[in-house]
Amino acid sequence: MKAGGAVEATDKEASKPIPIPKVRVSRVLSVLDFTLRVIAALGTLASAIAMGTSRETLPFTAQFVRFRARYKDLPTLTFFVIANSIVCVYLVLSLPLSFVHIIWTAAKNSRIVLIISDTVMMGLVTAGASAAAAIVYLAHYGNSSTNWFAFCRQFNSFCERISGSLIGSFVAITVLVLLIIMQSVAISRR
């Protein structure tokens with residue numbers, strides 16, 4: 001002890017990190033959860049719109065012959081649009097629950113429901129994106145053993161749109177994986 005009643009801090013006490021309160025970390029995770037849900041919803045919405053509005057008609061000199069490409073012509077691309085639409089609606093509907101987690105960080109059961117639902121939706125959007133990616137690959141490169149020609153040489157605009165629509169879907173898959181991990185971390189901190 002020094003004169004005047006001051007106490008010296010030992011080296012051990014000074015080197016200890018200051019603990020971060022659990023409520024603060026949970027609140028930060030909840031805000032990040034809300035933000036990532038908005039990003040994933042926008043990604044799936046953009047993917048569904050880009051794929052749903054993709055169509056191209058090739059002009060020919062013959063008046064009655066037209067070649068056109070639409071997403072509805074391939075059931076896999078239709079599944080892609082439906083899967084992205086369902087996931088987008090789910091993400092928008094889960095935003096209020098995510099907002100509740102910002103205010104009330106101790107919610108455990110609702111986080112478990114979100115983990116399960118996020119996992120199901122991640123599986124759905126992964127199935128749609130993977131199936132569409134296979135068709136986009138065939139459209140670009142074809143398959144000589146099955147006589148599937150690469151029709152992207154003729155339908156350039158259509159192929160650019162369907163290829164671009166995959167980006168938002170794969171971003172949403174990545175964000176859903178992060179959401180599942182974050183929800184698990186938030187539950188494990190309780």
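The values are calculated or read from the model by the stated rules, or taken from the named source; none is laboratory data. Remember, predicted model here, so these are calculated numbers, not experimental data. The area values use the complete protein model at the heavy-atom level, side chains included, leaving out ligands, DNA and RNA. Shrake-Rupley method; radii C 1.70, N 1.55, O 1.52, S 1.80 Å.
At 1.4 Å probe size, put Arg24, Arg153 in order of accessible surface, largest to smallest. Don't jump to the answer; show the numbers that get you there.
Details: Arg24 160, Arg153 180 Å².
Result, largest first: Arg153, Arg24.
Note on Ser188 and Thr119: the extension gain reaches 23.1 nm, defined as 0.36 nm multiplied by sequence separation minus the Cα-Cα distance. Only protein heavy atoms count here; under a 1.4 Å probe, Tyr137 has an accessible surface of about 130 Å². Across the protein chains, with a 1.4 Å probe defining accessible surface, the residues Trp148, Trp104 rank Trp104, Trp148 from largest area downward.
How would Val89, Val171 line up by accessible area, probe 1.4 Å, largest first? Spell out each step's value before the answer.
Numbers: Val89 85, Val171 65 Å².
From most accessible down to least: Val89, Val171.
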